[in-house]
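Participant: One structure is given below, represented as structure tokens, and several questions about it will come after.
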């Protein structure tokens, strides 16, 4: 008899046990924010209903900026590497690379000293996936961290959920880092503070889930929304804009009257 594959999820709110409570820190119409702490590890989960609603989109972005600022306070002279994990050729897995396309990169300007006050020193990188490169994303990131002397890494990746209500409707932020492919049971090297020796902030959105979570299916198929192209485009703008306004807040947020 064929053994049924395990069900995996990357969301802390779906794998918590009774001793690890998800504390609700904000609850409004269509939006809930929870915070989960495990010793020195912290997770923030933003759940929303409909980003196509302009008011809800703007509110989620406002909340996301506020939560990111808690993970990235007092940037000062930090050198920040933003990494977009995933496969550009697979739409549900392309969130990371698409977000990186919207990141305001400034490191090259810092190298020549042409930076106005208020901008952070930011570099960006998309390592692709091992199946396309034959190389470990973690090893490549380690090399770049050493080369540019990064002091913080921000990793963006597509996640997996076990709950259809959370599919493409949840943003998870954590300071625990991430293990590429963990949501589908792959064993890759983690991208974390333990590995990099600097702070690693992980940001992700679940873009796939197991079909057998909503239908009794012996095969371990994954499903994604039919409009995933539009969703990825929308989420990449949202995450990219929120990160830019967090990393470069002294200048950009003032110009956009967000303070």
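The values are calculated or read from the model by the stated rules, or taken from the named source; none is laboratory data. Nothing here was measured: the structure is a model prediction, and the numbers come from that model. Backbone-built Cβ (ideal geometry, glycine too); neighbour counts: all protein chains shown.
Participant: From the list 148, 141, 164, pick out the single residue that is in contact with a strand residue (DSSP E or B) (Cβ under 8 Å, 6 or more places away or on another chain) and crowded, with 22+ Cβ neighbours inside 10 Å. So that I can check it myself, show each step before the final result.
Facilitator: Working: 148 fails: crowded, with 22+ Cβ neighbours inside 10 Å; 164 fails: crowded, with 22+ Cβ neighbours inside 10 Å.
Only one candidate passes the filter, namely 141.
Participant: Taking residue 258 as meeting all but one of (1) touching a helix residue (DSSP H, G or I) at 6+ places or on another chain (Cβ under 7 Å); (2) at pLDDT below 70; (3) within 21 Å of residue 15 (Cβ to Cβ), write down the number of the exception.
Facilitator: So the condition that residue 258 fails would be (3).
Participant: Of all residues in region 3-17, count the ones that are within 29 Å of residue 58 (Cα to Cα) and either in a loop (DSSP other than H, G, I, E, B) or at pLDDT below 70 (or both).
Facilitator: Residues flagged as within 29 Å of residue 58 (Cα to Cα) and either in a loop (DSSP other than H, G, I, E, B) or at pLDDT below 70 (or both) within region 3-17 amount to 3.
Participant: Does residue 150 qualify as being farther than 17 Å from residue 68 by Cα, modelled with pLDDT of 90 or more and assigned to a strand (DSSP E or B)?
Facilitator: Details: farther than 17 Å from residue 68 by Cα: yes; modelled with pLDDT of 90 or more: yes; assigned to a strand (DSSP E or B): no.
It is false that residue 150 is farther than 17 Å from residue 68 by Cα, modelled with pLDDT of 90 or more and assigned to a strand (DSSP E or B).
Participant: Kindly state which strands (runs of 3 or more DSSP E) lie completely within region 18-111 and contain at least 2 residues that are on the phi < 0 side of the Ramachandran plot and crowded, with 16+ Cβ neighbours inside 10 Å.
Facilitator: 31-38, 41-47, 79-84
Participant: Also: Read through the list (1) at pLDDT below 95; (2) within 30 Å of residue 56 (Cα to Cα); (3) in contact with a strand residue (DSSP E or B) (Cβ under 7 Å, 6 or more places away or on another chain), then give the number of the only condition that residue 173 fails.
Facilitator: (1)
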